[in-house]
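Quick notes on the structure that follows.
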Amino acid sequence: MSDTAVNSQIETDRKTVLSVRDISVVYEVDQPVEAVKHASFDLGAGEVLGLAGESGCGKTTLAYAINRLHKPPARISSGRVVFTDRQDGDIDLLGLGDEDMRAFRWSKLSMVFQGAMNALNPVISIRAQLEDVLTTHRPGLSRADRRRRAGDALERVGVDSTRLNSFPHEFSGGMRQRVMIAMAMILEPQVMIMDEPTTALDVVVQRDILREILRLRDELGFAVIFITHDLPLLLEVSDRIAVMLQGEIVELERADRLYSHAAHPYTRKLLGSFPSLSGSRGAFIRTGIDETEEEH
Ligand SMILES: Nc1ncnc2c1ncn2[C@@H]1O[C@H](COP(=O)(O)OP(=O)(O)O)[C@@H](O)[C@H]1O
Ligand SMILES: [Mg+2]
């Protein structure tokens, strides 16, 4: 975090599950771009950490680096990522061999990619795509167990398991996104990174899915890094919020304090640019009470 960072609550008051320190990512192109600059934060067990900032500020690049899914010309030029596993203790993710990282990914730390709902193969059934993750990561499971777990995963995100044999093209955008979330959750990871998981959806569907994610977080206890350019949305779903500007985390603060205590001018500008933010617009997602329901 730079000298200009304010309210830098990089630590969590929960048990730390993921610790990101001093991560920098450079795109090695003709004019190298430092897309992420010395990012640091901890993620607590069961916590929702929001990552906000306008398009192009480096959110996706940071998420890929944490998961080691970055590809050239992107290169991690500094930093450390430590995952504290419930069973195995501290794991240095940047030091893991590729094979170990592949096994680790999805089962401990999974990701819902930006635009993921368009990444499902349209001509392969939902069942086959969900079972594929299980075949790869849980080769010991019987066919019947795979089938049952694929159905359970779908039910969890609010899609009836009778739809398992459907194809993605038969689903709405919201339902395809639910399938992607089911897929990211199927191995019950301790951390999920969600990159703009609801951005492409209409507001009502978006709210339903967010409520579901929070309910599942309460039920299963995973932690979430929730990425979006939509700061008002983050104020409602997050425990803490990191604000990114041109590759830097410039502010990191508890969500319930950010609205009144934002200290960085950029955060204040972001908050000020959403006129709909007012004291009365409460935590409808957390409570399930939608104060604006009658408008729809
Ligand atoms: N493949 C690439 N080659 C070069 N630069 C890139 C590439 N991808 C992203 N960038 C740079 O990284 C910055 C951050 O991109 P990204 O992480 O996708 O931002 P966000 O997810 O916040 O919209 C971009 O502004 C761009 O300058
Ligand atoms: Mg992005």
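The values are calculated or read from the model by the stated rules, or taken from the named source; none is laboratory data. The shown structure was predicted, so the numbers you read here are calculated from the model rather than taken from an experiment. Don't worry about glycine lacking a Cβ; one is built from the backbone with ideal geometry, like all the others, and counts go over all protein chains shown. For accessibility, only protein heavy atoms count, side chains too; no ligands or nucleic acids. Shrake-Rupley method; radii C 1.70, N 1.55, O 1.52, S 1.80 Å.
Miscellaneous remarks
- Any hit, the stretch 92-102, residues being in the same structural domain as residue 196 (by TED's automatic domain parsing) and either under 18 Å from residue 26 (Cα atoms) or within 16 Å of ligand 1 (Cβ to nearest atom) (or both): yes
- Matching option when the condition is in the same structural domain as residue 46 (by TED's automatic domain parsing) and either open to solvent by less than 30 Å² (accessible area, probe 1.4 Å) or among the β-branched types (Val, Ile, Thr) (or both), among 235, 270, 164, 245: 270
- Check on residue 200, within 16 Å of ligand 1 (Cβ to nearest atom), in contact (Cβ under 8 Å) with a residue 40 or more places away in the chain and over 24 Å from residue 46 (Cβ atoms): yes
- Some residue of the stretch 40-53 being closer than 21 Å to residue 254 by Cα, of a type in the set (Val, Ile, Thr) and assigned by TED's automatic domain parsing to the domain that holds residue 251: yes
- The listed residues are 24, 19, and the only one of them that is open to solvent by 20 Å² or more (accessible area, probe 1.4 Å) and small (Gly, Ala, Ser) turns out to be 19.
- Of all residues in the stretch 176-191, those satisfying the criterion of being part of a helix (DSSP H, G or I) and either open to solvent by 10 Å² or more (accessible area, probe 1.4 Å) or free of Cβ contacts under 8 Å to residues at least 40 places away in the same chain (or both) are 176, 178, 180, 183.
A quick yes/no check of all residues on (1) outside the structural domain of residue 154 (by TED's automatic domain parsing); (2) in a helix (DSSP H, G or I):
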position	(1), (2)
174	no, yes
193	yes, no
198	yes, no
205	yes, yes
209	yes, yes
212	yes, yes
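- Among residues of the stretch 254-263 being outside any helix (DSSP H, G or I) and surrounded by fewer than 22 Cβ atoms within 10 Å (Cβ to Cβ), the one that is farthest from the chain's Cα centre (by Cα) is 263.
- If you go through the stretch 107-118 and keep only what is away from ligand 1 (no atom under 16 Å from the Cβ) and either free of Cβ contacts under 8 Å to residues at least 12 places away in the same chain or open to solvent by 70 Å² or more (accessible area, probe 1.4 Å) (or both), you end up with just 118.
- Note on the stretch 1-114: enclosed strands (runs of 3 or more DSSP E) holding 2 or more residues that are in contact with a Ser or Thr (Cβ under 7 Å, 6 or more places away or on another chain) and over 20 Å from residue 196 (Cα atoms) are 16-27, 33-44, 74-85.
- Boolean, residue 13 is farther than 30 Å from residue 259 by Cα and either within 16 Å of ligand 2 (Cβ to nearest atom) or acidic (Asp, Glu) (or both): no
- Matching residues in the stretch 214-231 - criterion: being open to solvent by less than 10 Å² (accessible area, probe 1.4 Å) and assigned to a helix (DSSP H, G or I): 216, 231
- Whether a residue is under 15 Å from the mean Cα position of the chain (by Cα), over 30 Å from residue 257 (Cβ atoms), more than 14 Å from ligand 2 (Cβ to nearest atom) and at pLDDT 95 or above was assessed, and residue 75 does not pass this test.
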